[in-house]
Every structure is written in structure tokens, then in C-alpha cells.
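Peer 1: Handing you this structure, nothing more for now.
The values are calculated or read from the model by the stated rules, or taken from the named source; none is laboratory data. Keep in mind it's a predicted model, so treat the numbers as computed, not measured. Because the Cβ atoms are built from the backbone with ideal geometry, glycine has one as well, and the counts that use them run over all protein chains shown. Accessible surface is based on the protein model in full, side chains and every heavy atom, while ligands, DNA and RNA are left aside. Shrake-Rupley method; radii C 1.70, N 1.55, O 1.52, S 1.80 Å.
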Amino acid sequence: KQEVTQIPAALSVPEGENLVLNCSFTDSAIYNLQWFRQDPGKGLTSLLLIQSSQREQTSGRLNASLDKSSGRSTLYIAASQPGDSATYLCAGSRVSSGSARQLTFGSGTQLTVLP
Amino acid sequence: DTAVSQTPKYLVTQMGNDKSIKCEQNLGHDTMYWYKQDSKKFLKIMFSYNNKELIINETVPNRFSPKSPDKAHLNLHINSLELGDSAVYFCASSLEGNIQYFGAGTRLSVL
């Protein structure tokens, strides 16, 4: 059974800093790994998806890496801004049936970027 | 323009009532999901439908019954609501196992 852990649970940084959020998973047979952002009282926004055959994905100031052998993924945020403040969730997926993918979520890292 | 829409956004009801939450996606996706986010913000899969067929059914009380009238809709009906059902319920959809797109959530409060 897949278990996903995110460390730290909360992180506070001054604006402009580069930061890394960590995600670890127990089952290396994942189909893909997704990073999401959740703002208070809102739904989830997909940030990056890394297929199991890939090692990293980049979008703007965000870079996500995947190391299946060690069961780890990281989300790197460059030049952080107050607007980046949110809860960041990682989720590993496995094949269920057909095109359905069951996501197992971590408990999230609550990021606060101070102006 | 909303990709995945859920209604209602807020639902307050008494214990023992029956309620439904509706979800619609206009992305042409073939798979839809229901997730529950508890008070500790932990998200867990409940159900998944692929082309109107139930694929994933986690350990969820049978008071919860998903209904998919077509590929674009996946509704969640809950019978005999209990205090522990209070949570935020999210609908999501995906195409061929790729990125899952989430709705804004339905905050259910059972009094």
C-alpha cells in the first residue's frame, strides 16, 4: 500500500528565497507523481506531473524531480513570492483499471512567503 | 469556462438526512473521481468512474453511492448523514490517466 509523506509540515521563508519541498513515497511502482497547490478554501491546482520514466519537470519558477529508486520527489521553487503562499501537496498514482489512476496524497506542506 | 464544477459549494444539514453533491466536467475526460478531505486536510480517494463504470471503490460506507449518468457527470449521494461525514468533498477528472483536474470542493457540515 502506497504511503506518501511530506516534510516539513510547515515552512516560512522571506520573499526572494529559493526553497525545496520534500515528498517521499513507499511504493516505487508509481505510475506518475503530481504536485498540487491548494489555497485556503479552494480546490487543488495541478502544478507539475512527472511520469515514472521522467526525472524532472519544469514550469516557470517551479522544478519537480523524481527519484523512484529512493522513493523521493522534490519541488523546487525559485525566487519565492508572497503569492506562492499556499499548501503544497504531492500525490503518487498507481494504475487501477483502464485509464483510472488512484492518487495517494501526502499531508501537505503549508508554505508562507513573507514580504 | 469552469472545467470541473461542483454544486453546492456549501451544504449544511442535520444528522440522518440524505443529500447529493453534483459534479460536471466539460473537458471531455473519460475518468472522474471523488475525494474526501477531512478536518486534518488529508485527502483520500473514495470512488473513480471510467466511462460510466465504477473502477475504484475504497473502503467507504455503503451510505455513499456514486452515480454516473454519463461520462461528464459523477454525482455523490449520501444517505443517513452522520457527524463524521463532515468534510470537504472534491470531484476530479482526468483523460487517459494523466493530470487530474479538481473542482473547487463542497464543504459539508453535518449538525
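Peer 1: What are the trypsin sites (Lys or Arg not before Pro) within region A:1-99 that DSSP puts in a loop, where the Cβ has at most 11 other Cβ atoms within 10 Å?
Peer 2: A:K1, A:R55
Peer 1: Using the Cα centre as the reference, give the magnitude of the dipole from point charges on the C-beta atoms of region A:1-62 (Lys, Arg: +1; Asp, Glu: -1; all else neutral), rounded to the nearest 20 debye.
Peer 2: With Lys and Arg at +1 and Asp and Glu at -1, about 140 debye.
Peer 1: Net charge within 9 Å of A:D27 by Cβ-Cβ distance, Lys/Arg positive one each and Asp/Glu negative one each, not counting A:D27 itself?
Peer 2: In short, +1.
Peer 1: Where only protein heavy atoms count, and the probe is 1.4 Å, what is the accessible area per residue for region B:1-106 in Å²?
Peer 2: Here the per-residue accessible area is 50 Å².
Peer 1: Put +1 on the Cβ of every Lys and Arg and -1 on every Asp and Glu Cβ in the protein assembly as shown; which of B:V4, A:T26, B:G84 then has its Cα farthest towards the positive end of the dipole?
Peer 2: Farthest along the dipole direction, towards plus: B:G84.
Peer 1: Right, something else. What does the charge add up to near B:P61, with Lys and Arg as +1, Asp and Glu as -1, over the other residues with Cβ less than 10 Å from its Cβ?
Peer 2: -1
Peer 1: Between B:L111 and B:N26, how high is the FRET efficiency from 1/(1 + (r/R0)^6) when r is the Cβ-Cβ distance and R₀ = 45 Å? Nearest 0.05.
Peer 2: Taking R0 as 45 Å, the efficiency between B:L111 and B:N26 is 0.85.
Peer 1: Provide the packing ranking of A:47-53, A:104-110, i.e. peptides ordered by the mean count of other C-beta atoms within 10 Å per residue, highest first.
Peer 2: Per-residue Cβ counts within 10 Å, averaged per peptide and sorted highest first, yield A:104-110, A:47-53.
Peer 1: Between A:A78 and A:A9, what's the calculated FRET efficiency when r is the beta-carbon distance and R0 is 25 Å? Round to 0.05.
Peer 2: 0.65
Peer 1: Region B:1-89: which GluC sites (Glu not before Pro) are DSSP loop and have at most 15 other beta-carbon atoms within 10 angstrom?
Peer 2: B:E58, B:E82
Peer 1: Calculate the mean, over all residues of peptide A:103-109, of how many other protein chain Cβ atoms lie within 10 angstrom of the residue's Cβ.
Peer 2: Counting other chains' Cβ atoms within 10 Å and averaging over A:103-109 gives 4.
Peer 1: To continue, here is another question. In debye, nearest 20: dipole of the protein assembly as shown around its Cα centre with unit charges on the Cβ of K, R (+) and D, E (-)?
Peer 2: 260
Peer 1: I would also like to ask the following. Could you tell me the total accessible area buried at the A-B interface, probe 1.4 Å, in square angstrom to the nearest hundred?
Peer 2: What A and B bury together is about 1800 Å².
Peer 1: Related question: Counting only other chains, and only Cβ atoms inside 10 Å, what mean value do you get across the residues of B:42-53?
Peer 2: Per residue, the number of nearby Cβ atoms from other chains is 4 on average.
Peer 1: Follow-up question, since we're still on this one. What's the carbon and sulfur percent of chain B's accessible surface, probe 1.4 angstrom, rounded to a whole number?
Peer 2: 49
Peer 1: Moving on to the next point. Looking only at other chains, what is the average number of their beta-carbon atoms within 10 angstrom of each beta-carbon in B:96-103?
Peer 2: Across B:96-103, the average partner-chain Cβ count within 10 Å equals 6.
Peer 1: Which of the trypsin sites (Lys or Arg not before Pro) across region B:1-104 are loop residues per DSSP, with 11 or fewer other Cβ within 10 Å?
Peer 2: When the trypsin sites (Lys or Arg not before Pro) of region B:1-104 are filtered for loop state and at most 11 Cβ neighbours within 10 Å, B:K40 remain.
Peer 1: Which three lengths, in whole Å and largest first, does region B:11-111 cover when its Cα atoms are put on their principal axes?
Peer 2: Its Cα atoms span 38, 26, 24 Å along the three principal axes.
Peer 1: Compute all pairwise cysteine Cβ distances in the protein assembly as shown, then list the cysteines with no distance under 4.7 Å to another cysteine.
Peer 2: Result for the protein assembly as shown is empty; each Cys has a Cβ neighbour under 4.7 Å.
Peer 1: Ignoring ligands, DNA and RNA, what percent of the 1.4 Å accessible area of region A:37-115 is carbon and sulfur?
Peer 2: C and S atoms contribute 46 percent here.
Peer 1: If you plug each phi of region A:74-83 into the Karplus form 6.51 cos²θ - 1.76 cosθ + 1.60 with θ = phi - 60°, what whole-Hz ³J(HN,Hα) values come out, in order, with x for Gly and Pro?
Peer 2: Working through the residues one at a time gives 10, 10, 9, 10, 8, 6, 4, 10, x, x Hz.
Peer 1: Past the 19 Å Cα-Cα mark, which pairs from B:K19/B:K67; B:K44/B:K71; A:K42/B:K22; A:K1/B:K44?
Peer 2: B:K44/B:K71
Peer 1: Between B:S5 and A:N18, what is the label-to-label distance in nm when each label sits 7 Å out along the Cα-to-Cβ direction?
Peer 2: Each label point is offset 7 Å from its Cα along the Cβ direction, giving 4.3 nm.
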